[in-house]
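Undergrad: One structure follows; several queries about it will come next.
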Amino acid sequence: MKFCKTYQEYMQGQKKKQPGVGFKKLKKILKKCRREDFHDVRTCPDHCPVCDGSFFPALLDEMSAVVGFFHKRAQKLLELHLASGFRKYMFWVKGKRRGGHGALIEEGKDLVTYALINAIAIRKILKKYDKIHYSTQGQAFKSQAQSMHIGLLQSPWLFELMAFHINLRETNTKSRKAPALFEGCSLKINDEKPSLACELFDSVKLDIDLTCSICLDTVFDPVALTCGHIFCHMCACSAASVTIVDGLKSAEPKEKCPLCREARVFEGAVHLEELSMLLSRNCREYWEQRLQTERVERVRQAKQHWESQCRAFIGP
């Protein structure tokens, strides 16, 4: 079965209407371009008068809607899973949720599927564009979308959902409950270097390195910047020239990601709590050592912060 038909059947099979990629509509735009003799197929044009005014703007709007929907749903789901006591009860009441823990797991699986199948749809339609135009403009657009933080496979919420499923699978195995719901995801540790791996649809593989590029160790108390790169929380604070007490939201807009050098990436950083739980269980010895080291540094920074606050209040 062709992917276009598979995608259409998937989207039509959803209980509630969800944002998606207008696969058939975008293919029609490209077919129209193929019929028009606007460019020489032996060259790689920088611009196509048929497509550039309709194809890329339409795809950009659809990508933004898909990513926005996915982020909002994933954030709510993970907040509910990590909540405890009365706060969790209020989440269930406000959300009018039914089905208990099993429904929560199934929703997480559905969200991962939604993100992956849409990521593949976007990749395929951009490949189609490049094939028709004998160009690399589709791949250039993909890079531009990533810089605008609307890439699904670079989403920190996708990383969290992957860790969420592995956490549940490990819990279910120990308690002999339901079988794993998302077998394709796993935590791999090679030479004491962990990574999140995922086998996706259509032979697409996702491999997320969990080594902090600042301290060159396994990420501890990990955060993902808006550019998608993952660091230890303390290392990210150091790179942003802020203290642990002030936090990443207080970082200056001029501060840049240590890897891609993109500015304005710290304020919207996401704390990866599910990933933190996963690593703490699978790297126990390292986690305990790092916990002791970080505790000393946090106390030192907190002491300096309150001393400076007291001086500012009392005066010299």
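Undergrad: Give the peptides 115-123, 158-166 in descending order of average Cβ contacts within 10 Å, highest first.
TA: By packing density, highest mean first, the sequence is 158-166, 115-123.
Undergrad: Calculate, for region 210-314, the solvent-accessible area per residue in square angstrom, rolling a 1.4 angstrom probe over the heavy atoms of the protein chains.
TA: With all protein chains present, region 210-314 gives 55 Å² per residue.
Undergrad: Which trypsin sites (Lys or Arg not before Pro) in region 203-300 pass both tests, a DSSP loop state and at most 10 other beta-carbon atoms within 10 Å? Kindly include the intermediate steps, with their values, before the conclusion.
TA: On the way: sites: LYS205, LYS249, LYS254, LYS256, ARG261, ARG264, ARG281, ARG284, ARG290, ARG295, ARG298, ARG300; in loops: LYS254, ARG261, ARG264.
Those satisfying the criteria are LYS254, ARG261.
Undergrad: At a 1.4 Å probe radius, which order do CYS237, CYS4 fall into by accessible area, largest first? Numbers along the way, then the final one.
TA: On the way: CYS237 0, CYS4 25 Å².
Order by accessible area, largest first: CYS4, CYS237.
Undergrad: Of the peptides 207-216, 67-76, how do they stack up when ordered by the mean number of other Cβ atoms within 10 Å, highest first?
TA: Top of the packing list down: 67-76, 207-216.
Undergrad: Shape call for region 210-314 from the C-alpha gyration tensor, a ≥ b ≥ c root eigenvalues: rounded (a/c under 1.5), prolate (a/b greater than b/c) or oblate?
TA: oblate
The values are calculated or read from the model by the stated rules, or taken from the named source; none is laboratory data. Just so we're clear, the structure is a prediction, and the values are computed from it rather than from any experiment. Every residue, glycine among them, receives a Cβ derived from its backbone with ideal geometry; neighbour counts consider all protein chains shown. Each accessible area value is taken on the protein alone, full model and side chains, heavy atoms only, with ligands, DNA and RNA left out. Shrake-Rupley method; radii C 1.70, N 1.55, O 1.52, S 1.80 Å.
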